[in-house]
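Peer 1: Would you mind keeping the following structure in view while I ask a few things?
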Amino acid sequence: MPKISPPSADTPPAFASSLLASTPALIVLAIIAAGLLWWGCQIALMPAASPAVQASGRPALPVSSARQQPTSSTNPESGFLPTNPASSPPPRPAPEGMVWVPGGEFSIGCSDPRGIPHGGTNPMADARPIHRVTVKSFWMDATEVTNRQFEAFVTATHYVTVAEIPPRPEDFPGAPAENLVAGSIVFTPPDRPVGLGDHLQWWRYVPGANWRHPFGPASSIQGHEDEPVVHIAFPDAQAYADWAGKRLPTEAEWEFAARGGQAGLVYPWGNQFRPEGRWMANTWQGRFPSENTAADGFTGIAPVRQFPPNDYGLYDMSGNVWEWCADWYRPDTYQRQQLGELPTENPTGPDTSFDPQEPGIPKRVQRGGSFLCTDQYCSRYIVGTRGKGDVTSGCNHIGFRCVQDVH
Ligand SMILES: [Ca+2]
Ligand SMILES: [Ca+2]
C-alpha cells in the first residue's frame with residue numbers, strides 16, 4: 001500500500017483524497033510520502049552499494065579499543081545518572097542470533113546535541129527530559145532482521161507486506177483506479193547540489209518497489225541476503241515477530257539495549273563520532289543528497305555485522321537502517337513519564353499517537369537512524385534521539401529487529 005495512512009476515525013482524509021482525485025497519483029503519493037517521512041529524518045534511500053564498495057567494508061574492530069568512558073554528559077546536572085543493570089544472569093543460552101540484555105534502571109533521553117561535533121541542528125526536544133526508566137531483562141536480535149530471515153518467514157507463511165498491496169479505493173475516494181498502484185518510496189539522488197528545503201528533489205515513489213525488489217521490479221535481493229530487510233511497514237514487522245515467537249522492542253528497551261550498560265554516551269560506542277579515526281556506524285558522508293563519498297565503506301545499506309557491536313553484542317544500533325519500536329509516538333512522552341502520567345517501569349509508551357507536524361497520521365517510534373543520516377540533515381544516529389514513522393509506511397531504509405521475553 002502506498003505511504004499514506006488510512007485516516008483515523010476523526011480525521012477525514014481530505015488532503016490525500018482531494019489530491020489523489022485531481023493529480024496523478026504517483027506524484028501525489030511521492031509528495032505525501034516524502035512529507036510523512038521528512039520530519040522524522042526518514043531520508044530516502046540511496047541505491048545499494050556497488051559490489052566493489054560493499055566488498056571494501058572493513059572487518060569489525062575491537063570494541064574495547066574504541067570504548068570511551070562517560071564524560072561530562074554523565075554528570076548529574078545533565079540529567080544522566082549511572083546505569084544500574086540487573087544482576088540476574090541469563091537463564092539459559094541465548095536463542096540463535098540473539099544476545100542477553102540484562103535490564104535494569106537507566107537514564108533515557110538525549111541532551112541538546114547542537115554544538116557538539118556531528119550533533120546536527122535539531123535540538124531533539126522530544127527526547128527530554130532525561131529521566132530514569134526501568135526495564136526487565138530480555139533477549140534481543142544481535143542484528144537488524146535480514147533479507148534472508150524475512151524470506152524464510154514469507155516462504156513459511158506466504159505473508160504479503162503492506163508495500164505489495166494496492167491502496168484501497170475506500171481510503172482514497174475519488175482517486176482514479178489506475179492511480180492506486182502498490183509500491184514504495186525510493187530515493188534518486190540529484191546529480192548536483194540542491195538545497196535541503198525541498199525533499200521532492202530526491203524522493204521518488206516507485207511502483208513495484210517492496211522488500212523483494214528494493215529499487216523497483218527490476219531489482220532483487222539476490223546477493224543481498226545478509227543486508228537488513230527494508231520497505232517494512234509496522235504491521236509487517238509485527239507479523240514477522242509473531243511468527244518468530246518474538247516481539248518488537250519497546251522504545252525504552254531499545255535504548256537500554258543500545259546504551260549497552262553505559263550511561264549518557266552520545267553514541268552506542270562513546271562520545272566521539274570517529275574514535276581514533278574509525279568508522280563505527282553506516283551513515284552518510286559527503287554533501288547530502290547529491291554527493292555520497294561512502295567514506296565509511298558503504299554507499300547504501302551495509303550487510304549486518306560490518307561495524308563493531310556495542311557492549312551487549314548488538315550491531316548497527318546506530319545507522320544502517322531505522323528500526324521500528326512498539327510504542328506509539330508522541331513528542332511529550334518523556335514529559336508525561338517524568339510527571340508520573342505514564343509509567344516508567346517497563347514503559348510501553350502512550351495509548352495513542354500524536355505528532356504535531358502531522359496530526360491524524362498514526363505513528364510509531366523508530367530508532368537509530370540510517371545510512372542516510374548526516375549532521376547536515378539528521379543526526380539521529382545519536383543514541384538517545386527519537387524517530388517516528390507512519391505505521392503504514394515502509395521505505396528502503398526502514399527495517400527492524402526483535403526481542404524475546406525471558407520465560
Ligand atoms: Ca555509508
Ligand atoms: Ca540500525
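Peer 1: Looking at the structure I just gave you, is residue 370 within 16 Å of ligand 1 (Cβ to nearest atom) and either free of Cβ contacts under 8 Å to residues at least 24 places away in the same chain or buried (at least 24 other Cβ atoms within 10 Å of the Cβ) (or both)? Let's see the steps before the verdict.
Peer 2: On the way: within 16 Å of ligand 1 (Cβ to nearest atom): yes; either free of Cβ contacts under 8 Å to residues at least 24 places away in the same chain or buried (at least 24 other Cβ atoms within 10 Å of the Cβ) (or both): yes.
So residue 370 fits the description; yes.
Peer 1: Can you tell me which of (1) touching a helix residue (DSSP H, G or I) at 6+ places or on another chain (Cβ under 8 Å); (2) within 17 Å of residue 380 (Cβ to Cβ); (3) within 16 Å of ligand 1 (Cβ to nearest atom) is the one residue 323 doesn't meet?
Peer 2: (3)
Peer 1: Still on this structure: Can you go through 381, 377 and tell me which one is surrounded by fewer than 24 Cβ atoms within 10 Å (Cβ to Cβ), within 16 Å of ligand 1 (Cβ to nearest atom) and under 17 Å from the mean Cα position of the chain (by Cα)? Can you show your working first?
Peer 2: Numbers: 381 fails: surrounded by fewer than 24 Cβ atoms within 10 Å (Cβ to Cβ).
None of the others qualify; the one that does is 377.
Peer 1: For the structure I just gave you, tell me whether residue 160 is more than 16 Å from ligand 2 (Cβ to nearest atom), in a strand (DSSP E or B) and under 20 Å from residue 393 (Cα atoms). Working first, answer last.
Peer 2: Details: more than 16 Å from ligand 2 (Cβ to nearest atom): yes; in a strand (DSSP E or B): no; under 20 Å from residue 393 (Cα atoms): yes.
For residue 160, the condition - more than 16 Å from ligand 2 (Cβ to nearest atom), in a strand (DSSP E or B) and under 20 Å from residue 393 (Cα atoms) - is not met.
Peer 1: Can you name every residue in the range 172-193 that is closer than 20 Å to residue 300 by Cα and part of a loop (DSSP other than H, G, I, E, B)?
Peer 2: Passing the criteria: 188, 189, 190, 191, 192, 193.
Peer 1: Can you tell me which residues in the range 271-320 are near ligand 1 (Cβ under 9 Å from one of its atoms), within 20 Å of residue 221 (Cα to Cα) and polar (S, T, N, Q)?
Peer 2: If the condition is that a residue be near ligand 1 (Cβ under 9 Å from one of its atoms), within 20 Å of residue 221 (Cα to Cα) and polar (S, T, N, Q), then 282, 299, 320 are the ones that fit.
Peer 1: Determine which single condition residue 365 fails, assuming it passes every other condition in (1) within 18 Å of residue 241 (Cβ to Cβ); (2) of a type in the set (Val, Ile, Thr); (3) without any contact (Cβ under 8 Å) to a residue 60 or more places away in the chain.
Peer 2: Just one mismatch for residue 365, condition (3).
Peer 1: Return the total of residues in the range 382-407 being outside any strand (DSSP E or B) and out of contact with any Phe, Trp or Tyr (no Cβ under 7 Å at 6 or more places or on another chain).
Peer 2: Step one: of the range 382-407, the residues outside any strand (DSSP E or B) are 382-386, 391-397, 400-402, 406-407.
From what is left, the residues that are out of contact with any Phe, Trp or Tyr (no Cβ under 7 Å at 6 or more places or on another chain) are 384-386, 392-396, 401-402, 407.
Counting residues in the range 382-407 that are outside any strand (DSSP E or B) and out of contact with any Phe, Trp or Tyr (no Cβ under 7 Å at 6 or more places or on another chain) gives 11.
Peer 1: Suppose the filter is on the phi < 0 side of the Ramachandran plot and crowded, with 24+ Cβ neighbours inside 10 Å; does residue 298 pass it? Quick ask: steps written out before the conclusion?
Peer 2: Numbers: on the phi < 0 side of the Ramachandran plot: yes; crowded, with 24+ Cβ neighbours inside 10 Å: yes.
Yes, satisfied.
Peer 1: Can you find even one residue in the range 223-235 that is outside any loop (DSSP other than H, G, I, E, B), surrounded by fewer than 24 Cβ atoms within 10 Å (Cβ to Cβ), of a type outside the set (Lys, Arg) and touching a residue at least 60 places away in the same chain (Cβ under 8 Å)? Step through it out loud before you land on a result.
Peer 2: Initial filter on the range 223-235 (outside any loop (DSSP other than H, G, I, E, B)): 228, 234-235.
Right, trim to surrounded by fewer than 24 Cβ atoms within 10 Å (Cβ to Cβ) and you get 235.
Filter once more, keeping what is of a type outside the set (Lys, Arg): 235.
With the extra rule that they be touching a residue at least 60 places away in the same chain (Cβ under 8 Å), the set shrinks to 235.
Scanning the range 223-235, I find at least one residue that is outside any loop (DSSP other than H, G, I, E, B), surrounded by fewer than 24 Cβ atoms within 10 Å (Cβ to Cβ), of a type outside the set (Lys, Arg) and touching a residue at least 60 places away in the same chain (Cβ under 8 Å), so the answer is yes.
Peer 1: Just to be sure before I move on: is residue 392 closer than 26 Å to residue 243 by Cα, touching a residue at least 12 places away in the same chain (Cβ under 8 Å) and polar (S, T, N, Q) in the structure I sent? Spell out how you get there, then give the answer.
Peer 2: Values: closer than 26 Å to residue 243 by Cα: yes; touching a residue at least 12 places away in the same chain (Cβ under 8 Å): yes; polar (S, T, N, Q): yes.
Yes.
Peer 1: Provide a single number: the residues in the range 269-312 that are more than 13 Å from ligand 2 (Cβ to nearest atom) and not in a loop (DSSP other than H, G, I, E, B). Steps first, answer last, please.
Peer 2: From the range 269-312, those more than 13 Å from ligand 2 (Cβ to nearest atom) are 269-279, 284-297, 299-300, 308, 311-312; that's our starting set.
Cutting the leftovers down to not in a loop (DSSP other than H, G, I, E, B) gives us 270, 275-277.
Residues flagged as more than 13 Å from ligand 2 (Cβ to nearest atom) and not in a loop (DSSP other than H, G, I, E, B) within the range 269-312 amount to 4.
Peer 1: Shifting gears a bit: When the residues of the range 313-359 are narrowed to those that are among the aliphatic types (A, V, I, L, M) and over 18 Å from the mean Cα position of the chain (by Cα), which ends up nearest to ligand 2 (Cβ to nearest atom)?
Peer 2: In the first step, residues of the range 313-359 are kept if they are among the aliphatic types (A, V, I, L, M); the result is 314, 317, 321, 326, 339, 342.
From the residues that got through so far, the ones that are over 18 Å from the mean Cα position of the chain (by Cα) too are 339, 342.
On the way: 339: 31, 342: 26 Å.
Taking the candidates together, the pick is 342.
Values quoted throughout were computed directly from the atomic coordinates according to the rules given, and no laboratory measurement underlies them. Remember, predicted model here, so these are calculated numbers, not experimental data. All Cβ positions, even for glycine, are placed from backbone atoms using ideal geometry, and neighbour counts span all protein chains on display.
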